[in-house]
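The values are calculated or read from the model by the stated rules, or taken from the named source; none is laboratory data. It should be emphasised that the depicted structure is a prediction, and the values quoted were computed from it without experimental measurement. Glycine gets a Cβ as well: all are built from the backbone with ideal geometry, and neighbour counts include every protein chain shown. The protein model used for the area step is the full one, side chains on, heavy atoms only, and it has no ligands, DNA or RNA in it. Shrake-Rupley method; radii C 1.70, N 1.55, O 1.52, S 1.80 Å.
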Amino acid sequence: MRAVATARTLLLTRTLLLTLLLGLAACGTADAPGTELPPRSPGSGTTSTSASPLGGPVDSPTPVEAVAHPLDWSDTGVAPEVRFVQGAEWKARANPQNTVVDLVREGESLRVAAGADRTVSEMLLDDDWAVIVTQDSNESTPGQAVVIDLATGEQRSLVTPEPANGGSWALTGGDLYYPTYGEDRAYCLAARALADKNGEDGWCAPERSGWSGLTASEAGVGLMTFDDTRPIACRTVNVLDGSGLPHPLEGPRPCVAWDVAATPDGAVWSEVRQPRRQEKAHFFASIQGQFVDLGPGTTGTAIPCGDSIFFVRDPQSGQDPARLMRWTPRHRLQIAYESPSVGNAFLGEPACAGDVLTLTSFGEARDEQVWASVS
């Protein structure tokens, strides 16, 4: 019963958060509420042995069948409701109150405290760095972050550019991306190379607009921008170009995209075309100007990790498990994980540290928190 209660509580929380963002970022276009999603890909969510897709034109993407190819998952030994990120050597674990984070590897440990009236909002980890982000529960003061050099144990505060409170953060290869404020309170993207302590303000959202859904990898930095068009706003997914400016993807339908992650030869994105079902998305990918249909997925779950892009697919029927889907560099769609439960089951948003993925699963059969190396 505890698993069911936990799953329902977290599902409600996720839905409420998506509803809040949708109020700012959903789009009113010719695709009005009630418009159906594109047809489900043949075999989507099933096991098959399909070859790599060739891709099709933007208005007729090639459906991709999913191949069962689970990662080698291990139990974290941590309760599923506890925030935890596993790395190649280090692991980060928050206390139940989200006020303290312990960084641990064999024979060593470091502790970071959130401070008075603050809670941990992000735990970012790669092979060399950890970044612990905290926010004021009243959202009346700026965000704070502690940067930890895992080679030396040195801890330092992230001072400039000053972080905004909350928002979307990403760490890849020692480069940190996060929200800050520019002139006239413009919402901006800061970039900082942690090794040389250089930080700079990057692109700033135009007046009466913003951004969210930040992802970053060696392939590039992706984010979703939105405006305040009335009665409903318009969303656009972008990858930063060489000058650090958002470049809208070719492929997504106007104003309905949500997730985005860059790949070496294109990008993965999702579209939400029924505002009243904003937790449900449909995923697509581009491959050197060709397009494929990856099938249904869950909004806000796309994440690059290792050499691949992962996203969650909630159960598509009462007999289906929740699944973690993987889009590989060889253009294959794989089922990397299936929940022990079916029907009333869902996965938390995956967390990546370098090439190690941490995943939490909730459902009637059991809850679990697991990790696996991406290879």
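Screening D307, D293 for residues that are touching a Pro at 6+ places or on another chain (Cβ under 6 Å) and open to solvent by 30 Å² or more (accessible area, probe 1.4 Å) leaves exactly one candidate, D307.
Here is a yes/no grid of residues against (1) among the charged types (D, E, K, R); (2) in contact with a Gly (Cβ under 7 Å, 6 or more places away or on another chain):
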residue: Q288; (1), (2): no, yes
residue: D293; (1), (2): yes, no
residue: A302; (1), (2): no, no
residue: G306; (1), (2): no, no
residue: S341; (1), (2): no, yes
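Close Cβ contacts (under 8 Å, 6 or more residues apart or on different chains) running from residues in segment 153-167 that are among the hydrophobic types (A, V, I, L, M, F, W, C) to residues that are open to solvent by 80 Å² or more (accessible area, probe 1.4 Å) comprise L158/Q144; A164/Y181. Being open to solvent by less than 30 Å² (accessible area, probe 1.4 Å), among the aliphatic types (A, V, I, L, M), at negative phi and under 15 Å from the mean Cα position of the chain (by Cα) is a property that L357 has. So which of P57, P63, P70 ends up being touching a Pro at 6+ places or on another chain (Cβ under 6 Å), in contact (Cβ under 8 Å) with a residue 40 or more places away in the chain and open to solvent by 60 Å² or more (accessible area, probe 1.4 Å)? So the residue among P57, P63, P70 that is touching a Pro at 6+ places or on another chain (Cβ under 6 Å), in contact (Cβ under 8 Å) with a residue 40 or more places away in the chain and open to solvent by 60 Å² or more (accessible area, probe 1.4 Å) is P63. With respect to A79, is the statement that it is in contact (Cβ under 8 Å) with a residue 60 or more places away in the chain, in a loop (DSSP other than H, G, I, E, B) and either in contact with a Cys (Cβ under 8 Å, 6 or more places away or on another chain) or open to solvent by 30 Å² or more (accessible area, probe 1.4 Å) (or both) true? So A79 fits the description; yes.
K197 meets the conditions (1) of a type in the set (K, R); (2) over 20 Å from the mean Cα position of the chain (by Cα); (3) under 28 Å from L333 (Cβ atoms) in every case but one. The failed one is (3).
So, of the residues in segment 56-76 that are polar (S, T, N, Q) and over 26 Å from T360 (Cα atoms), which turns out to be farthest from the chain's Cα centre (by Cα)? So, considering only residues that are polar (S, T, N, Q) and over 26 Å from T360 (Cα atoms), the one farthest from the chain's Cα centre (by Cα) is S60. Selection of segment 300-351 for residues being touching a Phe, Trp or Tyr at 6+ places or on another chain (Cβ under 7 Å), of a type in the set (A, V, I, L, M, F, W, C) and either farther than 24 Å from G266 by Cβ or in a strand (DSSP E or B) (or both) yields I303, I309, F311, A322, L324, M325, L333, A336, A345, F346. Counting only strands (runs of 3 or more DSSP E) wholly contained in segment 185-299, the ones carrying 3 or more residues that are in contact (Cβ under 8 Å) with a residue 24 or more places away in the chain and within 30 Å of A66 (Cα to Cα) occupy 209-217, 220-227, 235-240, 257-263, 266-271, 280-287, 290-298. Can you name every residue in segment 87-120 that is part of a loop (DSSP other than H, G, I, E, B), open to solvent by less than 50 Å² (accessible area, probe 1.4 Å) and closer than 18 Å to V147 by Cβ? Once the filter is applied, which keeps residues that are part of a loop (DSSP other than H, G, I, E, B), open to solvent by less than 50 Å² (accessible area, probe 1.4 Å) and closer than 18 Å to V147 by Cβ, segment 87-120 yields G87, W90, A114, G115. If I filter segment 237-280 down to residues being buried (at least 21 other Cβ atoms within 10 Å of the Cβ) and of a type in the set (S, T, Y), which single residue comes out as nearest to A302 (Cα to Cα)? Going through the qualifying residues, I end up with S270. Criterion first (open to solvent by 50 Å² or more (accessible area, probe 1.4 Å) and at negative phi) does Q144 satisfy it? Here the answer is yes, as Q144 does meet what is asked. What do you reckon, is Q135 modelled with pLDDT of 95 or more and either open to solvent by less than 40 Å² (accessible area, probe 1.4 Å) or polar (S, T, N, Q) (or both)? Here the answer is no, as Q135 does not meet what is asked. Of everything in segment 161-195 that is loosely packed, with under 14 Cβ neighbours inside 10 Å and not small (G, A, S), the residue that is farthest from V356 (Cα to Cα) is D184.
Please tell me if L189 is in contact with a Phe, Trp or Tyr (Cβ under 8 Å, 6 or more places away or on another chain) and of a type outside the set (K, R). The answer is yes for L189.
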